[in-house]
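Trainee: Can you read through this structure? Questions will come right after.
The values are calculated or read from the model by the stated rules, or taken from the named source; none is laboratory data. Everything numeric here is computed off the predicted structure, so don't read it as measured data. Every residue, glycine as well, gets a Cβ built from its backbone with ideal geometry; the counts of neighbours run over all protein chains shown.
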Amino acid sequence: MAESDRKRTLLLTGASRGIGHATVKRFSSAGWRVISCSRHSFPEDCPWEAGPENHIQVDLSSPDDTIRAIDEIKERLGPDGHLNALVNNAGVSPKGPGGERLNTLTTSLRDWGKVFHVNFFSSVVLARGLFDELKAAQGAVVNVTSIAGARVHPFAGVAYATSKAALAALTREMAADFGPHGIRVNAIAPGEIETAILSPGTEEIVADIPLRRLGQPEEVARTIYYLCTAESSYVTGVEIEINGGQHV
């Protein structure tokens, strides 16, 4: 089957809310098949089509379970084994008992490990494990980093911030390693996006953002879609800021 005639497939982690949810809707509306990964089972009240057959339950904080999921993903992809896009969107940012930011001195070793396994190592495991499938489709990888990876953020904890900085560096390395095989690798770095994980006090940050508003998950999803399609066919190894000018 010609690649142009084959239904395009996206594998997305962290699909249940916010940016991930908007990404599912954007790709689905364009006719893509979306395989979602989450530590939860597929919710019966999920607002998009393609139920449990396109959902994989996996604990990305567990290296063993993430590796285990590779075989299940390959099985779901079927005999053609083509994966057009992998979007590493899952992320965790633990808080202190009162919801306070965890810094270098207050972040437990256990939290460091969990955050890095979800936010960083799972991206390595999935991209390496599905390399042949991405190569077969001449696919794309998009890593979701954060503005917190490039500056000290008042709410994002130190483990989250450093894991996102590492993911940005990984994006460059993967672009160099995967590029000769026809696979593009890019990243997006959202700023203050209107999702359920926003912390109290965000409105004070908004006052200093040049566009003077929060970003919407749909705006991030559109950039992810661009990076996974032919419109960005000569773009690789970049990290796109999506923050209304907050980085300037």
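Trainee: (1) touching a strand residue (DSSP E or B) at 6+ places or on another chain (Cβ under 7 Å); (2) modelled with pLDDT of 95 or more: which one isn't true of Gly149, the others all being true?
Mentor: Only one criterion in (1) touching a strand residue (DSSP E or B) at 6+ places or on another chain (Cβ under 7 Å); (2) modelled with pLDDT of 95 or more is unmet by Gly149, namely (2).
Trainee: Now a separate question. Just name the residue that is surrounded by the fewest Cβ atoms within 10 Å (Cβ to Cβ) out of those in the range 135-155 that are within 19 Å of the chain's Cα centre (by Cα) and assigned to a helix (DSSP H, G or I).
Mentor: Once the filter is applied, the top-ranked residue is Ile147.
Trainee: Restricting attention to the range 94-110, which residues are surrounded by fewer than 19 Cβ atoms within 10 Å (Cβ to Cβ) and either touching a residue at least 40 places away in the same chain (Cβ under 8 Å) or among the aliphatic types (A, V, I, L, M) (or both)?
Mentor: Within the range 94-110, Pro94, Lys95, Gly99, Asn103, Thr104, Leu105, Leu109 qualify.
Trainee: Let me spell it out: the conditions are (1) out of contact with any Phe, Trp or Tyr (no Cβ under 8 Å at 6 or more places or on another chain); (2) within 17 Å of Phe116 (Cα to Cα); (3) modelled with pLDDT of 95 or more, and Ala166 meets all of them except one. Which number is the exception?
Mentor: (1)
Trainee: Have a look at Phe116, Phe121 and point out the one that is within 29 Å of Gly244 (Cβ to Cβ), of a type in the set (Phe, Trp, Tyr) and surrounded by fewer than 21 Cβ atoms within 10 Å (Cβ to Cβ).
Mentor: Answer to the check: Phe116.
Trainee: Looking at the range 188-209, I want the residues that are within 22 Å of Val92 (Cα to Cα) and have a partner that is modelled with pLDDT of 80 or more and of a type in the set (Gly, Ala, Ser) with Cβ atoms under 6 Å, at least 6 apart or on another chain. Which pairs are those?
Mentor: Ala189/Ser146; Ile193/Gly215; Thr195/Gly18
Trainee: Return the total of residues in the range 202-213 being of a type in the set (A, V, I, L, M) and modelled with pLDDT under 85.
Mentor: Residues that pass the stated criteria total 3.
Trainee: Quick test of your reading of the structure: His117 fulfils all but one of (1) part of a helix (DSSP H, G or I); (2) touching a strand residue (DSSP E or B) at 6+ places or on another chain (Cβ under 9 Å). Name the failing condition by number.
Mentor: It is condition (2) that His117 fails.
Trainee: A further question on this structure: Are there any pairs with C-beta distances below 7 angstrom linking a residue in the range 151-166 that is under 13 Å from Gly91 (Cα atoms) to a residue that is in a helix (DSSP H, G or I) and of a type in the set (D, E, K, R), with the two at least 6 apart or on different chains, and if so which?
Mentor: Correct list of pairs: Ala159/Asp111.
Trainee: Let me ask something else about it. Which residue is surrounded by the most Cβ atoms within 10 Å (Cβ to Cβ), if the candidates are limited to the range 224-242 and must be closer than 12 Å to Ala168 by Cα, over 13 Å from the mean Cα position of the chain (by Cα) and not β-branched (Val, Ile, Thr)?
Mentor: Glu241
Trainee: Every residue in the range 113-166 that is closer than 14 Å to Pro190 by Cβ and among the β-branched types (Val, Ile, Thr), please.
Mentor: Answer for the range 113-166, where residues must be closer than 14 Å to Pro190 by Cβ and among the β-branched types (Val, Ile, Thr): Val142, Val144, Thr145, Ile147.
Trainee: Got at least one residue in the range 193-201 being at pLDDT below 80, surrounded by 13 or more Cβ atoms within 10 Å (Cβ to Cβ), farther than 25 Å from Thr229 by Cβ and not hydroxyl-bearing (Ser, Thr, Tyr)?
Mentor: Taking every residue of the range 193-201 in turn, at least one turns out to be at pLDDT below 80, surrounded by 13 or more Cβ atoms within 10 Å (Cβ to Cβ), farther than 25 Å from Thr229 by Cβ and not hydroxyl-bearing (Ser, Thr, Tyr).
Trainee: Check Thr223, Thr236 and return the single one that is in contact with a helix residue (DSSP H, G or I) (Cβ under 7 Å, 6 or more places away or on another chain), among the polar types (S, T, N, Q) and at pLDDT 95 or above.
Mentor: None of the others qualify; the one that does is Thr236.
Trainee: Let me ask another. When you go through Gly81, Gly99, Gly91 one by one, which is the residue that is in contact with a Lys or Arg (Cβ under 9 Å, 6 or more places away or on another chain) and at positive phi?
Mentor: Only one candidate qualifies: Gly81.
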